[in-house]
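Enquirer: The structure that follows is given in the form of structure tokens.
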Ligand code: GLN
């Protein structure tokens, strides 16, 4: 069963400890690296202790000189989808098993510039395709909340979520194309934020579905997520879809009272298929918001039921195009034996990609092929527009939308593997948000009767991350779900 977890310490608390001189970045990094090395959750694909400690020492020296960047000396880890110059970057795939990135992703660079210390790269579903981390070539990750049955941490940022939940690192990066930050956050009792599309640069983040992919943080608290986002966001000329908006301090409005906040509840998010424990905890959380002064309004997202079908055309279509670059010539793995060029392509891709990735490439190539393009791809794009319009209309009568992040709590490893459609249903509440490009978070909202974490999803209008984080933070001032660890609850964990 999982290795023991550690008490929760937030980035904000570590910042104070560093500022007060109670601990150095080298000491902190050594401590977390020891935890990572003793863990059996399989949440990391690579750990680079030597380089991490050298960066930590540099950050300590910078601190001593008085030039203290916002995240100076704080240890973090990156999902293995982000390229880091000189580091192995696998994206959870065999095809990139020995790929050493020749440049650094903008998000990583920005966090480095803010003083963060990267300890390693976290496990993930292959090419970020999945909701359980089981499609990783590097093996499944165990959710630290598992009891006697090993449970999935969610996916695709499963390693990033499990690592934070077990206290192996205080914060990580993830990516969210259809729910891959929010769903693992919900399964592992974390705060996970998907920013508005274009807030974080996609440069150096291996592409899955480019019109949907967004980077974001996985942390214990909304305040920590704001600290991470302050560093991660911002214009980048190397990404043509990067937003050129003025930089914001996401911590500055986080303490605003919620009196008068209008919370929209979409009736479509509370229908069939929603687990009763999840529904009950979400209802409790909404009552808590009412106590904080929020007014509840019913809203409707009539086309949300079409989101999954639309996503599973658009995302595979973009993936089939993005993944054509893995051909055995330019990157990574090449089949050892082949007869001619075409045979080399076929064998390399047959051997290098796992089953889920192949399934997506085939669906995507089919949806884009002549004769089917209008019937599938063009139609999916029209649905995407309708979903976006639904949100726009809903936000005329509310400031934020709330509902469950996932229909169920974490499931057993192996349970969902045989039925891809059942696995896809995990993202039924998260995918509409990606299609509309909106910011959203999942925050801890309590536990099921068997002690498993439940996530509340909060969705804000385009570019209203500041409001999103304020709403999440205020709930965390009056609840302590986010402070629970697997070993601190009676039924969950060890
Ligand atoms: N689970 C979804 C999928 O498999 C979303 C993945 C993601 O957000 N990267 O496509």
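Enquirer: Considering segment 9-127, what Rg and Dmax in Å follow from its alpha-carbon atoms?
Expert: So, for segment 9-127, Rg and Dmax equal 14.5, 46 Å respectively.
Enquirer: So how do 370, 25, 442 line up by other beta-carbon neighbours within 10 Å, fewest first? Show your work: numbers first, answer last.
Expert: Details: 370 6, 25 27, 442 35.
So the ranking, lowest neighbour count to highest, is 370, 25, 442.
Enquirer: How big is the equivalent ellipsoid of segment 368-453 along its three axes, where each semi-axis is √(5λ) from the Cα gyration tensor, reported in whole Å from largest to smallest?
Expert: On the way: eigenvalues 164, 106, 11 Å².
For segment 368-453, the semi-axes come out at 29, 23, 7 Å.
Enquirer: DSSP beta bridges in the chain, what fraction antiparallel, as a percent rounded to 5? Can you show the working numbers first?
Expert: On the way: 27 of 39 bridges.
Taking every DSSP beta bridge with both residues in the chain, the antiparallel ones total about 70 percent.
Enquirer: If we count other beta carbons within 10 Å of each Cβ, what is the order of 228, 362, fewest first? Show your work: numbers first, answer last.
Expert: Values: 228 29, 362 12.
Lowest to highest Cβ neighbour count: 362, 228.
Enquirer: Could you list the residues of segment 154-171 with an amide nitrogen less than 18 Å from a label point located 7 Å from the Cα of residue 9 in the Cα-to-C-beta direction?
Expert: Backbone N within reach: 163-171.
Enquirer: Restricting to Cα pairs below 8 Å that are 6+ residues apart, what does the relative contact order work out to for segment 67-180? Please round to a whole percent.
Expert: Details: 255 pairs, mean separation 30.7, N = 114.
Dividing the mean separation by the residue count of segment 67-180 yields 27 percent.
Enquirer: Now for a separate question. With n ≥ 4 as the cut-off for DSSP H runs, can you work out [θ] at 222 nm for the chain, using -39500 (n - 2.57) per run divided by the number of residues, rounded to the nearest 500?
Expert: -10500 deg cm²/dmol
Enquirer: Using alpha-carbon pairs under 8 Å, 6+ residues apart, how would you state the relative contact order of segment 328-421 in percent? Mind dumping the intermediate values first?
Expert: Working: 25 pairs, mean separation 11.6, N = 94.
Relative CO of segment 328-421 lands at 12 percent.
Enquirer: Residue 244 to residue 65: FRET efficiency via 1/(1 + (r/R0)^6), r the Cβ-Cβ distance, R0 30 Å, to the nearest 0.05? Don't jump to the answer; show the numbers that get you there.
Expert: Numbers: r = 33 Å, r/R0 = 1.09.
In this case the efficiency is close to 0.35.
Enquirer: On to the next question. Within 10 Å of each residue's Cβ, count the other Cβ atoms and sort 425, 28 from fewest upward.
Expert: Numbers: 425 17, 28 23.
Fewest-to-most ranking of 425, 28: 425, 28.
Enquirer: Mind pulling the per residue volume of the convex hull built on the Cα atoms of segment 410-492? Å³ is fine.
Expert: Numbers: hull volume 8.6 nm³, N = 83.
In segment 410-492, the Cα hull volume divided by residue count equals 104 Å³.
Enquirer: From zero outward in steps of 10 Å, how is the percent of C-alpha pairs of segment 218-257 spread across the bins?
Expert: Computed distribution, short to long bins: 28, 43, 25, 3.
Enquirer: Can you give the direction-averaged projected area of the convex hull of the alpha-carbon atoms in segment 345-408, in nm²? Intermediate results must be reported in sequence, preceding the final value.
Expert: Working: hull surface 29.4 nm².
Result: a mean projected hull area of 7.4 nm².
Enquirer: What distance in nm separates the simple spin-label points at residue 351 and residue 49, each placed 7 Å from Cα in the Cβ direction?
Expert: 3.3 nm
Enquirer: Still on this structure, please answer the following. More than 15 angstrom separation, counting every C-alpha pair in segment 146-189; what % is that? Write out the running numbers ahead of the final one.
Expert: Details: 326 of 946 pairs.
Percentage above 15 Å: 34.
Enquirer: While we're looking at this one, here's another question. First obtain the Kirkwood hydrodynamic radius of the chain from its Cα pairs, then insert it into the Stokes-Einstein equation at 4 °C and 1.567 mPa s, and state the resulting D in µm² per second as a whole number.
Expert: On the way: Rh = 22.3 Å.
Here the translational diffusion coefficient equals 58 µm²/s.
Enquirer: Show me, bin by bin at 5 Å from 0, the whole-percent P(r) of segment 207-341 based on Cα pairs.
Expert: 2, 7, 9, 11, 13, 17, 16, 10, 6, 4, 3, 2, 1, 0, 0
Enquirer: In nm, to one decimal, how far is the residue 337 label point from the residue 58 one, both placed 7 Å along Cα→Cβ?
Expert: Between residue 337 and residue 58, the simple spin-label model gives 4.6 nm.
Enquirer: Return the Rg/Rh value of segment 271-387, two decimal places, where both radii are evaluated on C-alpha atoms and Rh is the Kirkwood radius. Walk me through the numbers on the way to the answer.
Expert: Numbers: Rg = 21.8 Å, Rh = 18.0 Å.
Using Cα coordinates only, the ratio equals 1.21.
Enquirer: Rg (Å, one decimal) plus Dmax (Å, integer) for the alpha carbons of segment 324-475?
Expert: 20.8, 63
Where a number appears in this text, it was derived from the coordinates with a stated rule and is not lab data. Keep in mind the model is a prediction, meaning the values are calculated, not measured. Cβ sites come from the backbone with ideal geometry, for glycine too, and all protein chains shown count toward neighbours.
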